[in-house]
1. Here are a few candidate values for Cα Rg over 2.2 N^0.38 Å: (1) 1.07; (2) 1.13; (3) 1.38. Which one was actually calculated from the structure I just gave you?
2. Per DSSP H run of at least 4 residues, take -39500 (n - 2.57); add these up for the chain, divide by its residues and hand me the 222 nm value, nearest 500 deg cm²/dmol.
3. Any lysines with Cα under 26 Å of the Lys34 Cα? List them, leaving off those in the same chain fewer than 8 positions away.
4. Which whole-Hz couplings ³J(HN,Hα) result when phi for each residue of segment 22-27 is put into the Karplus expression 6.51 cos²θ - 1.76 cosθ + 1.60, θ = phi - 60°, listed in order with x for Gly and Pro?
5. Taking R0 as 25 Å, what FRET efficiency do you get between Ile77 and Tyr4 from their Cβ-Cβ distance, rounded to the nearest 0.05?
6. Students often forget the sequence filter, so: which lysines lie under 29 Å Cα-Cα from Lys121 once same-chain residues fewer than 8 apart are removed?
7. FRET efficiency for Thr50 and Gln98, Cβ-Cβ distance as r, R0 = 30 Å, nearest 0.05?
8. Leaving out ligands, DNA and RNA, and with a 1.4 Å probe, what % of the accessible surface on the chain is carbon or sulfur?
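The values are calculated or read from the model by the stated rules, or taken from the named source; none is laboratory data. Fair warning: this is a prediction, and the values are worked out from it, not measured in the lab. Every residue, glycine among them, receives a Cβ derived from its backbone with ideal geometry; neighbour counts consider all protein chains shown. Surface accessibility is based on the protein's heavy atoms, side chains included, excluding ligands, DNA and RNA. Shrake-Rupley method; radii C 1.70, N 1.55, O 1.52, S 1.80 Å.
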Amino acid sequence: MEYYQIIKQIHLIAAILSVSGFCLRSYWMLTDNKLLFSKPSKVMPHLIDTILLSAAIYMLIASGVNPFTIKWLLLKIILLLLYIVFGSFALKRGKTRQRRIVFLCLALLSISGIFTLAILKPY
């Protein structure tokens, strides 16, 4: 557990970088910027999200927590899966601009829920 706080900080920083990157790529999608299709734009999210999820798994193992028995944590995982699906449709799989914007809003709502649960841990 001595590294737990360090890993928690890494997780927090990676979460902020992940969401910031998503917002930047969303802006590029909305403005038809070619940077959305650049190599760094395609590689960096995977690198950051790998760090984010690795830190989350470490924290679960180190604390001995079963995420399926803690309601707020289970809801956070469900929202993460929704964010991944909505984000994918917002940035590349949405067939029209209007649909991409709808999926972008849904992805941002999912992110808001994830951060709210992480901060409040309501139940």
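1. (2)
2. That calculation yields -27000 deg cm²/dmol at 222 nm.
3. Excluding near neighbours in sequence, the set is Lys42, Lys92, Lys95.
4. Couplings: 4, 5, 5, 5, 5, 4 Hz.
5. After rounding to 0.05, the efficiency reads 0.80.
6. Lys8, Lys71, Lys76
7. Numbers: r = 32 Å, r/R0 = 1.07.
Calculated transfer efficiency: 0.40.
8. Details: 5980 of 8300 Å².
The value for the chain is 72 percent carbon and sulfur by accessible area.
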